[in-house]
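Let me begin by presenting the structure, written as structure tokens, before commenting on it.
The values are calculated or read from the model by the stated rules, or taken from the named source; none is laboratory data. Just so it is clear, the structure is predicted and the values come from calculations on it, not from any experiment. Counting neighbours? That spans all protein chains shown, and the Cβs are built from the backbone with ideal geometry, glycine included.
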Amino acid sequence: MADEDLQPVFNIQRMYLKDLSLEQPNAPASLLEQGQPAVDINLTLAAQPVQEGIYEVAVTATVTTKVNDKVLFLIEAKQAGIFEIRNLPQEQLDGILGIVCPQMVYPYLRVIVSDMCTRAGFPPVLLTEVNFQAMFEAQQQARAEQAAGATQN
């Protein structure tokens, strides 16, 4: 094997919108509601192998906006990227998939959610910056605690 075959590889193959939905279940009545809307934002992250050395990383945002307990709108957007990642130890691969790739995908998701709100006739919802490293470390800690609890039982 040549030395270049063992060099770490990281390439972005493609960024794409995997799924997008908008619901306004109580329109038009909900559009006449007065009051400050409550916005609930839920983010999820998924990473999976597509083929040898190729991974899909997807970040999903679910945005639910209500006024007086009536849903104004619900947006679910899933932005994904395909990444070529080779010749890395598993612990580094986990960090790349859980931190680096989502950081690259997330700005696209932020734009899509904001744009969809505007197109639906509402002020844009601006997703805040996310510290994917802190999220990753919290998930690793929770897994470690769960594993420790399972071995004690």
Some residue of segment 71-83 being at pLDDT 90 or above, of a type in the set (Val, Ile, Thr), within 20 Å of Ala46 (Cβ to Cβ) and not in a loop (DSSP other than H, G, I, E, B): yes
Every pair of residues 6+ apart whose Cβ atoms lie under 9 Å, when the first sits in segment 10-31 and is without any contact (Cβ under 8 Å) to a residue 60 or more places away in the chain while the second is among the β-branched types (Val, Ile, Thr): Asp19/Thr60; Ser21/Ile75; Glu23/Val71; Glu23/Ile75; Pro25/Val71; Asn26/Val71; Ser30/Val67; Ser30/Val71
Pairs where the first residue, in segment 117-130, is at positive phi and the second is surrounded by 11 or more Cβ atoms within 10 Å (Cβ to Cβ) and of a type in the set (A, V, I, L, M), C-beta under 9 Å, 6+ apart: Gly121/Leu31
Any chance Val67 is in contact with a Pro (Cβ under 6 Å, 6 or more places away or on another chain) and over 28 Å from Asn11 (Cα atoms): yes
Single residue of segment 101-123 satisfying the filter (modelled with pLDDT of 90 or more and in contact with a helix residue (DSSP H, G or I) (Cβ under 8 Å, 6 or more places away or on another chain)) that is surrounded by the most Cβ atoms within 10 Å (Cβ to Cβ): Pro102
